[in-house]
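Presented below is the structure to which this report refers.
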Amino acid sequence: MDFGLLFPFMLKLNIAALDREDVELHEEVPADDPMWEGSDVRLSGPLQVDLTARSVGDGVLLRGRLRATVERECRRCLAAVTQVVDDTVDMLFAPIGEDEEELGGEVYPLPERGQELDVADAVREQLLLRAPQYVLCSEDCRGLCAQCGTNLNEGTCDCVSEPAPSPWDALKQVKFD
């Protein structure tokens, strides 16, 4: 899905202006923007995009910074955890030849024609790659009880934990005469 088509006013660069000078792009992408649909990333504030575009050979190089506050669930107790993502990005948009199937790494296809370069999909991808996949609310998080679901950070439960079966349990049944 081309998320750039949903909001055509955001995250676009004038390619013709790159012939004269570097072009800067400073945007705020709202946390509820449709560009985040289909991803497991929830933002608790806007994404700050600060990029500088420069013409390099046949392509366009974008360098800059992405800043956002991402909400995730603790992988042990499911409590909400917010983390700041603040990282530099380098993205190269280059023309694709007929014999090239895909561009790898942080290289994106440069459209053959047109005056504008939509960088929304690339920015989305870069933030998704930088957002932490697993988070903990604290290093000593005790998680949830596997039997009743009680948050063990908030209290204890009355469940009796049964010892896990051991592969050596079968040897306990062997009798030697």
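Couple of notes before you dig in:
- Taking region 57-139 and the strands (runs of 3 or more DSSP E) fully enclosed by it, the elements with 1 or more residues that are touching an Asp or Glu at 6+ places or on another chain (Cβ under 8 Å) and either among the polar types (S, T, N, Q) or at pLDDT 95 or above (or both) are at 59-73, 80-94.
- Counting the residues of region 147-165 that are surrounded by fewer than 10 Cβ atoms within 10 Å (Cβ to Cβ) and not aliphatic (A, V, I, L, M) gives 9.
- The set of residues in region 118-149 being in contact with a strand residue (DSSP E or B) (Cβ under 7 Å, 6 or more places away or on another chain) and over 30 Å from ARG65 (Cα atoms) consists of CYS141, LEU144.
- Whichever residue in region 112-127 is closer than 16 Å to ARG54 by Cα and not aliphatic (A, V, I, L, M) and, among such residues, is surrounded by the most Cβ atoms within 10 Å (Cβ to Cβ): ASP118
The values are calculated or read from the model by the stated rules, or taken from the named source; none is laboratory data. Predicted model only: the values in this text are computed from it and were never measured. Glycine also receives a Cβ, built like all others from the backbone with ideal geometry; neighbour counts cover every protein chain displayed.
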